[in-house]
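The values are calculated or read from the model by the stated rules, or taken from the named source; none is laboratory data. Note that the coordinates shown come from a computational prediction; the quantities given were computed from them, not determined experimentally. As a convention, Cβ positions derive from the backbone with ideal geometry for all residues, glycine included, and neighbour counts pool all protein chains shown.
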Amino acid sequence: MGVDKSSRGNASQFFVAGELCRRGYSAVVTLGNTPNTDILCSNNDGTKFVHIQVKTYVPGIRTCSVGKKAEKYFGENFFWVLGGIPLPYTGKSFEYYIIPNRAMAENVTQKHRDWLKRPGRNGKPHNDNSVRGLLLPPRKSPYYWDISAYFNRWDLIEEKLK
């Protein structure tokens, strides 16, 4: 049974918010009402906040697509969470990559520039577009940024909420 992309994206936001709540924080899914923020999360005192942008992929797939927005720096309290949400009945585990905004912006920008400089098929130049791809571990390539260091790094968010 397949699930459409929009439903999977919505589910991913709720799974990420649920994980943050399980860890003792207040996390609210913005339902598209806040630009650049899918989840707003605070400590229990409501004195410290982080903004989270969620991108969804299916575990076992090679890449996760992000847009040009991934190249923008929104501040130290902004995070990207790549949510690997398994298809129903596959028995695969959930996967999360928690990436600080600065690391995402710098690496996605540089890797996209590198991709544009490389020749494409038949030696033709790549055409610029709005899609930015992240190669998911365990796959590695000199042309992609290795994000494996961010697997389940919830501590990066927790540090901002102390």
Inset, instruction - Using the structure shown, decide if residue 50 is in contact with a Lys or Arg (Cβ under 6 Å, 6 or more places away or on another chain), farther than 12 Å from residue 134 by Cβ and assigned to a strand (DSSP E or B). - result: yes
Legend entry - Matching residues, region 4-34, being outside any helix (DSSP H, G or I) and touching a residue at least 40 places away in the same chain (Cβ under 8 Å): 23, 25
Inset, instruction - Please indicate, with yes or no, whether at least one residue in region 29-37 is under 18 Å from residue 149 (Cα atoms) and not aromatic (Phe, Trp, Tyr). - result: no
Inset, instruction - State all residues of region 92-117 that are assigned to a helix (DSSP H, G or I) and charged (D, E, K, R); if no residue qualifies, say none. - result: 102, 106, 111, 113, 114, 117
Legend entry - Subset of region 138-162 [in contact with a strand residue (DSSP E or B) (Cβ under 7 Å, 6 or more places away or on another chain) and not in a loop (DSSP other than H, G, I, E, B)]: 150, 151, 154, 156, 157, 160
Legend entry - Near pairs, Cβ below 6 angstrom, 6+ apart or cross-chain, from region 76-96 (within 17 Å of residue 16 (Cβ to Cβ) and at pLDDT 95 or above) to any residue that is among the polar types (S, T, N, Q) and not in a loop (DSSP other than H, G, I, E, B): 78/101; 80/53; 83/12; 83/56
Legend entry - Residues of region 118-137 satisfying the condition of being in contact (Cβ under 8 Å) with a residue 12 or more places away in the chain and either part of a strand (DSSP E or B) or out of contact with any Asp or Glu (no Cβ under 9 Å at 6 or more places or on another chain) (or both): 118, 128, 130, 131, 132, 133, 134, 135
Legend entry - Conditions (1) in contact with a Gly (Cβ under 9 Å, 6 or more places away or on another chain); (2) of a type in the set (Ser, Thr, Tyr); (3) closer than 20 Å to residue 53 by Cβ; number of the one not met by residue 90: (3)
